[in-house]
Amino acid sequence: MNVAVQQYKGIELQLIKRNYTDYKAKRYTLGGTNQNVWIPNKHLEQDGTIRQGENLDYVFRKAQRQLELAGYNGPIPGIKRRSAETVREGINLSC
């Protein structure tokens, strides 16, 4: 198993070491935190290495909150435009 830190568009991913027999995906932590995402095996090599040229944007678009909790607040092309904090700052809450 490749448990070394891997990068995808500036996001640090590390495979969680466990038995993935008969699983259709593998679980990765985000940026060394407890936040995690499941990446389908069709995008991975047998040992858990992310295949070169794979588009995983849809996986991370579903995991917006996990990205924020892991500290990825800035924009990531193809994945997120900006953080929820930036959006909240632009809203005028006074009535």
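Which one, 74, 31, 48, has the greatest fluctuation when you compute a Gaussian network model over the chain with C-alpha springs under 10 angstrom? Taking springs between Cα atoms under 10 Å, the residue moving most is 74. Accessible surface calculations at 1.4 Å, restricted to protein heavy atoms, place the chain at 67 Å² per residue. Our estimate of slack between residue 27 and residue 81, defined as 0.36 nm per intervening residue step minus the Cα-Cα distance, is 17.0 nm.
Taking the chain as a Gaussian network of alpha-carbon nodes connected by springs under 10 Å, the highest mean-square fluctuation of the residues 15, 44, 67 belongs to 44. Between residue 49 and residue 73, what length in nm is gained on full extension when 0.36 nm per residue of separation is reduced by their alpha carbon distance? Value of the extension gain: 6.1 nm. Extension gain for the segment residue 7 to residue 64, taken as residue separation times 0.36 nm less the Cα-Cα distance, is 18.8 nm to one decimal.
With all protein chains in place and a 1.4 Å probe, the accessible surface of the chain carries 47 percent carbon and sulfur. Across region 25-36, computed HN-Hα scalar couplings (Karplus, 6.51 cos²θ - 1.76 cosθ + 1.60, θ = phi - 60°) run 8, 10, 9, 10, 7, 9, x, x, 9, 7, 6, 8 Hz from first to last residue, x flagging Gly and Pro. Largest first, the residues 22, 57 sort by 1.4 Å accessible area into 22, 57.
The H on the amide N of residue 26, modeled in the peptide plane, is under 5 Å from the matching H of 39, 41, each at least 5 residues off or on a different chain. Taken about its Cα centre, the chain carries a charge dipole of about 220 debye when Lys and Arg each add +1 at the Cβ and Asp and Glu each add -1 at the Cβ. Each residue of region 45-50 was assigned a 3J(HN,Hα) from its phi angle through the Karplus curve 6.51 cos²θ - 1.76 cosθ + 1.60 (θ = phi - 60°); the sequence is 6, 4, 8, x, 6, 5 Hz, with glycine and proline shown as x. This structure gives semi-axes √(5λ) of the Cα gyration tensor in Å, computed directly, and of (i) 30, 13, 11; (ii) 26, 16, 12; (iii) 21, 14, 12 that value is listed as (i).
The values are calculated or read from the model by the stated rules, or taken from the named source; none is laboratory data. This structure is a prediction, so every number in the text was calculated from the model and none was measured. Glycine gets a Cβ as well: all are built from the backbone with ideal geometry, and neighbour counts include every protein chain shown. Surface areas here come from the heavy atoms of the whole protein model, side chains and all, with no ligands, DNA or RNA. Shrake-Rupley method; radii C 1.70, N 1.55, O 1.52, S 1.80 Å.
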